[in-house]
1. Let me spell it out: the conditions are (1) in contact with a helix residue (DSSP H, G or I) (Cβ under 6 Å, 6 or more places away or on another chain); (2) in a helix (DSSP H, G or I); (3) farther than 20 Å from Asp76 by Cα, and Ala216 meets all of them except one. Which number is the exception?
2. Quick check, is Thr10 without any contact (Cβ under 8 Å) to a residue 12 or more places away in the chain and part of a loop (DSSP other than H, G, I, E, B)?
3. Being open to solvent by 60 Å² or more (accessible area, probe 1.4 Å), under 19 Å from Leu67 (Cα atoms) and of a type outside the set (Ser, Thr, Tyr) is the filter here, so list the residues in the stretch 5-21 that pass it.
4. Kindly provide the set of residues from the stretch 187-236 that are loosely packed, with under 14 Cβ neighbours inside 10 Å, at negative phi and of a type in the set (Lys, Arg), ordered by number.
5. Has the stretch 115-131 got any residue that is closer than 22 Å to Ser236 by Cβ, of a type outside the set (Asp, Glu) and open to solvent by 50 Å² or more (accessible area, probe 1.4 Å)?
6. Those residues that are modelled with pLDDT of 85 or more, farther than 23 Å from Gln106 by Cβ and of a type in the set (S, T, N, Q), I need them from the stretch 1-59; list them, please.
7. Considering only the stretch 37-61, state which residues are closer than 20 Å to Lys9 by Cα, assigned to a helix (DSSP H, G or I) and open to solvent by 60 Å² or more (accessible area, probe 1.4 Å).
8. Only one of (1) in contact (Cβ under 8 Å) with a residue 24 or more places away in the chain; (2) touching a strand residue (DSSP E or B) at 6+ places or on another chain (Cβ under 8 Å); (3) in a loop (DSSP other than H, G, I, E, B) fails for Phe77. Which number is that?
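The values are calculated or read from the model by the stated rules, or taken from the named source; none is laboratory data. In this text the structure is predicted, and so the values were computed from the model without any measurement. Note that we place each Cβ from the backbone using ideal geometry, even for glycine, and neighbour counts take in every protein chain shown. Surface areas here come from the heavy atoms of the whole protein model, side chains and all, with no ligands, DNA or RNA. Shrake-Rupley method; radii C 1.70, N 1.55, O 1.52, S 1.80 Å.
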Amino acid sequence: TERIEHTLKTALPGARVARFDRDTATGQRMHELLRQFREGELDVLVGTQMLAKGHDFPRVTLVGVLLAETGLRVPDFRAAERTFQLLTQVAGRAGRGERPGQVLVQSWAPEHPAIMSALGHDHPGFLSQELERRRLSAYPPFSHLALLELRHTDHQRTATAARTLAEALRSHGSDARGPVAAGVAKLRGVHRYHVLLRAETRGTLHGQLKWVQRVAPTALPQGVQLFVDVDPADFS
């Protein structure tokens, strides 16, 4: 965002440009930036996803999105849904007043269904494709998930624990995927590995988790912590 802000100030020397991200929009400063933009004291506001939701700017006639496919790269089965939702929301910031709006989207993957559907305002089309993709991959709403996260300060011990747990689950007849390093593999000196547990019914999933709770204390290396997240909202 800082680089884009600098580029816009160079390209539009007469425009009043400001940046709205975690570095600049904190506390009272956040409300002040939004007020200035809403009241026309700023011409261009460069921001992150923080700007996409819940703001009403009647003066906005142009919205630009850079790298629209970024959200598709995250290891989450909802990535396409969230990208479609975000593009739809940010596009709704333009033309909310009396003047019509325009939305420009830049992407290295413009043919992706989430991006094409968002630009075409094709909610039914996206829903149909996404549900079929999830059905074929056995992802929610056609299954139930639990994310098992293992943590320890020693990388090898964490990786071994995750592998041991995944193999034990598969031997028990469970649908266990992984292990893989977490999206944020190391956080404040602690290594993190994930095992994804999937089941067709909620009851089956709970039964498998009860089994994990029974065997984990003796099966895992000493000191390794196990965290269970049912219906995980975040895979990072």
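1. Every condition holds for Ala216 apart from (1).
2. Details: without any contact (Cβ under 8 Å) to a residue 12 or more places away in the chain: yes; part of a loop (DSSP other than H, G, I, E, B): no.
So Thr10 does not fit the description; no.
3. If we filter the stretch 5-21 for residues that are open to solvent by 60 Å² or more (accessible area, probe 1.4 Å), which is where we start, we get 6-7, 9-14, 16.
Cutting the leftovers down to under 19 Å from Leu67 (Cα atoms) gives us 6-7.
Scanning the stretch 5-21 gives a single hit, His6.
4. Arg202, Lys210, Arg214
5. no
6. Gln36 - this is the single residue of the stretch 1-59 that is modelled with pLDDT of 85 or more, farther than 23 Å from Gln106 by Cβ and of a type in the set (S, T, N, Q).
7. Arg38 - this is the single residue of the stretch 37-61 that is closer than 20 Å to Lys9 by Cα, assigned to a helix (DSSP H, G or I) and open to solvent by 60 Å² or more (accessible area, probe 1.4 Å).
8. (2)
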